[in-house]
Amino acid sequence: RSRRVAPADAARLHELTPREQDVLRLIGQGLSNGEIADHLVVSEHTVKTHVSRTLNKLGLRNRGQAAAFSRRVTP
C-alpha cells in the first residue's frame, strides 16, 4: 500500500538537496552521524553540516523531529 504524503510535507521535502534527503532518510532509520558518514562515504563533519541544513530548511528543532518527519514522508 502506498503512503499518502501531505502536500505541505512534500513541498518541504523538495526544498532539500538529494544528499540532504539521503541524510534525512538515514536519520529516520535511526543511524548516528558516524553511521551515516560510513554509509555515504563522507566525513562526519559533512554529515553534521547536512543534518544542520536539513533541520533548518524543514524548520525542525532536533533529530527526533527529523526522524519522525522522515518516517512520515519517505518510503
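The values are calculated or read from the model by the stated rules, or taken from the named source; none is laboratory data. Remember, it's a predicted structure, so these values are computed and weren't measured experimentally. Here the Cβ positions follow ideal geometry from the backbone for every residue, glycine too, while neighbour counts run over all protein chains shown. Accessible surface is based on the protein model in full, side chains and every heavy atom, while ligands, DNA and RNA are left aside. Shrake-Rupley method; radii C 1.70, N 1.55, O 1.52, S 1.80 Å.
Restricting attention to segment 60-75, the residues that are loosely packed, with under 15 Cβ neighbours inside 10 Å, modelled with pLDDT of 95 or more and in a loop (DSSP other than H, G, I, E, B) total 2. Of the numbered criteria (1) modelled with pLDDT under 95; (2) part of a loop (DSSP other than H, G, I, E, B); (3) among the small types (G, A, S), the one G30 fails is (1).
The rows are residues; the columns are (1) open to solvent by less than 100 Å² (accessible area, probe 1.4 Å); (2) in a helix (DSSP H, G or I); (3) of a type in the set (K, R); (4) in contact with a helix residue (DSSP H, G or I) (Cβ under 8 Å, 6 or more places away or on another chain).
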| position | (1), (2), (3), (4) |
| --- | --- |
| E15 | no, no, no, yes |
| Q21 | yes, yes, no, yes |
| I36 | yes, yes, no, yes |
| S52 | yes, yes, no, no |
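State which residue is nearest to V41 (Cα to Cα) when the search covers only segment 5-27 and only residues that are acidic (D, E) and either at pLDDT below 95 or touching a strand residue (DSSP E or B) at 6+ places or on another chain (Cβ under 9 Å) (or both). Walk me through it before giving the result.
Restricting attention to segment 5-27, the residues satisfying the condition of being acidic (D, E) are 9, 15, 20, 22.
Imposing the further condition that a residue be either at pLDDT below 95 or touching a strand residue (DSSP E or B) at 6+ places or on another chain (Cβ under 9 Å) (or both) reduces the set to 9, 15.
Working: D9: 28, E15: 23 Å.
Ranking the candidates gives E15 first.
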